[in-house]
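Following: one structure in structure tokens, then a few remarks.
The values are calculated or read from the model by the stated rules, or taken from the named source; none is laboratory data. Since the structure is predicted, the reported quantities are computational estimates derived from the model, not experimental observations. With ideal geometry, Cβ positions are generated from the backbone for all residues, glycine too; neighbour counts draw on all protein chains shown. The protein model used for the area step is the full one, side chains on, heavy atoms only, and it has no ligands, DNA or RNA in it. Shrake-Rupley method; radii C 1.70, N 1.55, O 1.52, S 1.80 Å.
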There are 2 protein chains.
Amino acid sequence: MPSAHPTYAGSMSAVPTVAELASCARVASRRLALLSRADKDAALRALADALDGATADIVAANAEDVARGRDNGMADGLVDRLTLTEDRVAAVAEALRDIAALPDPVGEIVRGSTLANGLQIRQVRVPMGVVGMIYEARPNVTVDAAGLGLKSGNAVILRGGSAAESTNRTLVDVMRGALESQGLPVDAMALLEGGREVVKELLTARGQVDLIIPRGGAGLIQTVVTESTVPVIETGVGNCHVYVDAAADLDKALAIALNSKTHRVGVCNAAENLLVHEALADQFLPRVLAALDGAGVVLHTDPAAGSAAEQAGIPHQLATEEDWDTEYLALEMAVAVVPDLDAALAHIQAHTSGHTEAIVTEDRAAARRFTTEVDAAAVMVNASTRFTDGGEFGFGAEIGISTQKLHARGPMALPELTTTKWIVEGDGQIR
Amino acid sequence: MPSAHPTYAGSMSAVPTVAELASCARVASRRLALLSRADKDAALRALADALDGATADIVAANAEDVARGRDNGMADGLVDRLTLTEDRVAAVAEALRDIAALPDPVGEIVRGSTLANGLQIRQVRVPMGVVGMIYEARPNVTVDAAGLGLKSGNAVILRGGSAAESTNRTLVDVMRGALESQGLPVDAMALLEGGREVVKELLTARGQVDLIIPRGGAGLIQTVVTESTVPVIETGVGNCHVYVDAAADLDKALAIALNSKTHRVGVCNAAENLLVHEALADQFLPRVLAALDGAGVVLHTDPAAGSAAEQAGIPHQLATEEDWDTEYLALEMAVAVVPDLDAALAHIQAHTSGHTEAIVTEDRAAARRFTTEVDAAAVMVNASTRFTDGGEFGFGAEIGISTQKLHARGPMALPELTTTKWIVEGDGQIR
């Protein structure tokens, strides 16, 4: 397996500083911005081939990380997310080919017009420039972010979790080598190594870095948001609710509540809370609680839901105030009975993280109020919260799910990695 | 003139804190988000009528600020920007009627599709929620920001300069009174008063405030960018260049250089730098320098431009390194001779603030390289830098000119004050 980085361009130190990385990334980004779609797609396929060819090295490097993780007592779920098998390396490489098949966002004319004075103005999509990604254990993010960056014409500075250190180093080395063999700037992607102080440097490299996207737990995201002077897109925390309205189709409601909670628990678009209209307390609540319990879900109930569980002999515990604001990311769910739609809206307003909220109802007016009044990136009517996803939305890729309102909200893919530029063409016009 | 604020809604202190203002603004924003275009336009016209009706009070309050400014030795230019005459109050009110005539950005469907599984997804424009504006002397910004906020369904917290304190208080009182008489939430607009510590509170009210837009000098903007944990849109610093290419039409070049520099000097889209291709050093440079000198422009020249000025007997001084990075906002200009387009691009890359850059050329290839390679909000070919403006671009209004890449770049109007929400409608779909 490679033991050292391919040479960084320019005059870089053995372990490059943030300023050096950012400066080399800026130079690379200027070349990336001029590449045709054909060149970028060929490069993405070359990167994929290189990863395929280096599967043994990647799996070996990953085994080091996994062994270290186990020695340090890493939880099984995290070990699984960290692990790259041969099949998973193939999937990671294939994702780059999928990105190659997507349309190029760069150069799209967003809008334009000819002004009364004859000036022709158009707003054109262009790359951001240099994008920093700060993320945790999953090494596939390293390749996804590098690939989406390349396709959108951006240089990326990758800061993965220390748990995946060897894996990430090998993945980036392989991809940089493939860029070099394509005659492309290797500094289009670089791994930022070092302690927490280099992250702080990255977060304050305003002007050198155009955008930072954090992906990970609430703690990581909070640190980035608080410390960064570089513009940030906040992603990911999802304290999602499913509200079952009085006018719900109860079979749909049961399926949606179960799917939203249990389809995959460690993800931001999983539901953490179930709100049930009190008209359904006798008829539906015992049924949904039994189904959730049967799926292994620990139930945190308010007094009314607890009383229904009690009568049906379903294990449960009283929800604390913290439960309503907790993203369990586990087989746990907070359940409350609400007197009406207003109370459901007020509860969601008080506890939403602005990710995804769902209503189950056959009542048009209730659905309309819910979609209008809930303030979140995605609002579902009669659908699982799990659909808030770039792949499900048909974007073909996803760099993260924005829970903030600036620039991007909801699943982010290639266009969200671009900005725009106004090009104004005249014939000597003055004011 | 009103001596106190109309009562703030809810249980607010006599001088409301940031948290109280933001909380009342949030409540108001929820009502604003549901208003129809007709309701908002009627409110805007009512605000305009109320301002017209209070002209005497406004002019009197403004006279206090102007007198205090003069006592404190305020420069004439700033006094002029601070001053509201009866005509200017009429113009400020009329701007609200203009905003009423603009289309409503809220509710626009940006994109949407029906997925293979039958889910109907659509991305809909919705208000940001609560927007903070931090700005300096010009009191018309108070009314523009309040009006654009109302039209886009946002509550705004206004933090004007202390120099315009009495004027802003009167303007906001009058507008809040008009909102109240329309049955609308008065907290749709509020003035934040107090010392620097309340600004700090506003900048860290993440979650309570959705967006902060600073407008003013470089110092103000730097403070906001550095201290804010609320998402910020950086506006305004414009170190703009006009590059006269070897293939320029020299009459156009002369007119564009003069207009970009002298049409209005205290604004961000005025040019501060002139770059001239060396092929034009004998033929064009003396002519443009003479014209600039004739218009009263102090010339800061590099050695080559200085030598041309010397020979033509035109007053000039040697440019320092700082000159190339200085936004003069005055009748001053830095002038350099460049050997070719590459050198012009490199100079601009080194010194641009990312606002507006212009090339004058009849050479298609040069124009194409310039528009592709210059990294700025707006790139002009054969047109004055002064055209980077929401009004000129046909937006009908402008809340500021973004020089950052996230969310908005260039002139910002109503759509830039909104975010989007994904609405997903299904029939029981699960994953």
Share (percent) of C-alpha pair distances in region A:122-192 greater than 17 Å works out to 39 percent
SASA check, A:D323, accessible area w/ 1.4 Å probe, all protein chains in place, rounded to nearest 10 Å², comes out at 20 Å²
Copies of A:G195 compared via label points 7 Å along Cα→Cβ give distances in nm, shortest first, of 3.8
Taking Cα pairs closer than 8 Å and at least 6 residues apart, the relative contact order of region B:240-392 in percent is 33 percent
Quick calc, chain B, dipole around Cα centre from Cβ unit charges on Lys, Arg (+) and Asp, Glu (-), nearest 20 debye, gives 1740 debye
Counting only protein heavy atoms and rolling a 1.4 Å probe, one gets per residue an accessible area for region B:90-149 in Å² of 35 Å²
In the protein assembly as shown, taking the dipole from +1 charges on Lys and Arg beta carbons and -1 charges on Asp and Glu beta carbons about the Cα centre, the listed residue (B:A309, A:A22, B:N154) farthest towards the positive end is B:N154
Loop-resident trypsin sites (Lys or Arg not before Pro) in region B:77-139 with no more than 13 other Cβ atoms inside 10 Å, DSSP not H/G/I/E/B, are none
Using eta = 0.890 mPa s and T = 25 °C, Stokes-Einstein with Kirkwood Rh from Cα pairs puts D for region B:317-372, in µm² s⁻¹, at 192 µm²/s
One decimal, nm, nearest first: from B:H263 to the same residue in each other copy, label points 7 Å out along Cα→Cβ, the values are 5.3
The computed P(r) of region A:156-245 puts the percent of Cα pairs beyond 21 Å at 43 percent
Each label sits 7 Å from Cα toward the beta-carbon; between B:A346 and A:A67 the label points are separated, in nm, by 5.1 nm
Going through A:K40/A:K200; B:K151/B:K200; A:K200/B:K200 one by one, the pairs whose alpha carbons sit over 23 Å apart turn out to be A:K40/A:K200; B:K151/B:K200
Label model pair A:A101, B:V110: point-to-point distance (7 angstrom along the Cα→beta-carbon line) in nm is 2.6 nm
The size of the Cβ-based charge dipole (Lys, Arg +1; Asp, Glu -1) of region A:240-392 about the Cα centre, to the nearest 20 debye, is 460 debye
Carbon/sulfur accessible area of region B:240-392, % of total, 1.4 Å probe, equals 49 percent
Note: B:L318 to B:D87 extended length (0.36 nm per residue) minus current alpha-carbon separation gives 78.8 nm
Cα pairs beyond 17 Å in region A:259-317, in percent, come to 35 percent
For region A:316-401 the mean separation of alpha carbon contacts under 8 Å (6+ apart) over residue count, i.e. relative contact order in percent, is 22 percent
The answer for the net charge of residues other than B:S307 whose Cβ lies under 14 angstrom from its Cβ, with Lys and Arg +1 and Asp and Glu -1, is -4
Out of B:Q182, B:Q311, B:Q123, a Gaussian network model of chain B with alpha-carbon springs under 10 Å gives the largest mean-square fluctuation to B:Q311
Semi-axes of region A:240-392 from the Cα gyration tensor (sqrt of 5 times each eigenvalue, largest first, whole Å) come to 21, 17, 14
Chains A and B: accessible area buried, summed over both chains, 1.4 Å probe, nearest 100 Å², reads 5900 Å²
GNM on chain B, Cα springs under 10 Å; top mean-square fluctuation among B:N117, B:N168, B:N259 goes to B:N117
Expected response for nearest chain B Cβ to the B-A rotation axis, distance in whole Å, is B:H407, 2
Low-density loop chymotrypsin sites (Phe, Trp or Tyr not before Pro), region A:261-361, at most 12 other Cβ within 10 Å, DSSP non-H/G/I/E/B, are none
With one decimal in nm and the nearest listed first, the spacings from A:L318 to its own position in the other copies, using label points 7 Å along Cα-to-Cβ, are 8.2
Chain A, Gaussian network, Cα under 10 Å: of A:G400, A:G313, A:G194, the residue fluctuating most is A:G313
Cα-only Rg/Rh for region A:190-307 with Kirkwood Rh rounds to 1.19
Note to self: C-alpha centroids of region B:230-290 and region A:145-170 sit apart, in Å, by 40 Å
In cubic angstrom per residue, the convex hull of chain A built on its Cα atoms measures 171 Å³
Correct semi-axes for region A:11-156, from √(5λ) of the alpha-carbon gyration tensor and rounded to whole Å with the largest first, are 37, 18, 15
Percent antiparallel among DSSP beta bridges confined to the protein assembly as shown, nearest 5, equals 30 percent
With the convex hull built on the alpha-carbon atoms of the protein assembly as shown, volume per residue in Å³ sits at 165 Å³
Rounded to the nearest 10 Å², the accessible area of A:M380 using a 1.4 Å probe with every protein chain kept is 0 Å²
